[in-house]
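Colleague: Once you've had a glance at the structure underneath, I'll fire off some questions.
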Amino acid sequence: MNPFGRILLPLLLGLLLANCATSSPEQLAERYKTQCINRGYQPGTDAYADCLVQVEGEREGRIDARRREMVDQRQPMYGTR
């Protein structure tokens, strides 16, 4: 990995993790509620509860995808300098 990548990758990882850490569980719950209401679900219904679970899963999926991308970018390129 070139020197630029050795500096940039940890910086990006730190920013990503800092972004995740800035939202408290309460803030995330409010964000999920707002998203589900904006999608047309009525609070107190089973569909609304399902939406909350789905929105949380979508967020976790995005975080996992970002982590995989970062790991893939860190893979050594053997035979090159």
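Colleague: Please enumerate the residues belonging to segment 64-80 that are hydrophobic (A, V, I, L, M, F, W, C) and at pLDDT 90 or above. Can you show your working first?
Modeller: To start, the set of residues in segment 64-80 that are hydrophobic (A, V, I, L, M, F, W, C) comprises 65, 70-71, 77.
Residue satisfying the conditions is 65 alone.
Colleague: Exactly one of (1) modelled with pLDDT of 90 or more; (2) surrounded by 11 or more Cβ atoms within 10 Å (Cβ to Cβ); (3) over 16 Å from the mean Cα position of the chain (by Cα) is unmet by residue 26. Its number?
Modeller: Going through the list (1) modelled with pLDDT of 90 or more; (2) surrounded by 11 or more Cβ atoms within 10 Å (Cβ to Cβ); (3) over 16 Å from the mean Cα position of the chain (by Cα), residue 26 breaks only (2).
Colleague: Please verify whether residue 46 is at pLDDT 90 or above, surrounded by 12 or more Cβ atoms within 10 Å (Cβ to Cβ) and more than 29 Å from residue 10 (Cα to Cα), treating the condition exactly as stated. Break it down into steps so the answer makes sense when it comes.
Modeller: On the way: at pLDDT 90 or above: yes; surrounded by 12 or more Cβ atoms within 10 Å (Cβ to Cβ): no; more than 29 Å from residue 10 (Cα to Cα): yes.
Taking the combined requirement at face value, the residue does not satisfy it.
The values are calculated or read from the model by the stated rules, or taken from the named source; none is laboratory data. This is a predicted model, so every value here is computed, not measured. Reconstructed Cβ throughout: ideal geometry from the backbone, glycine too, with neighbour counts over all protein chains shown.
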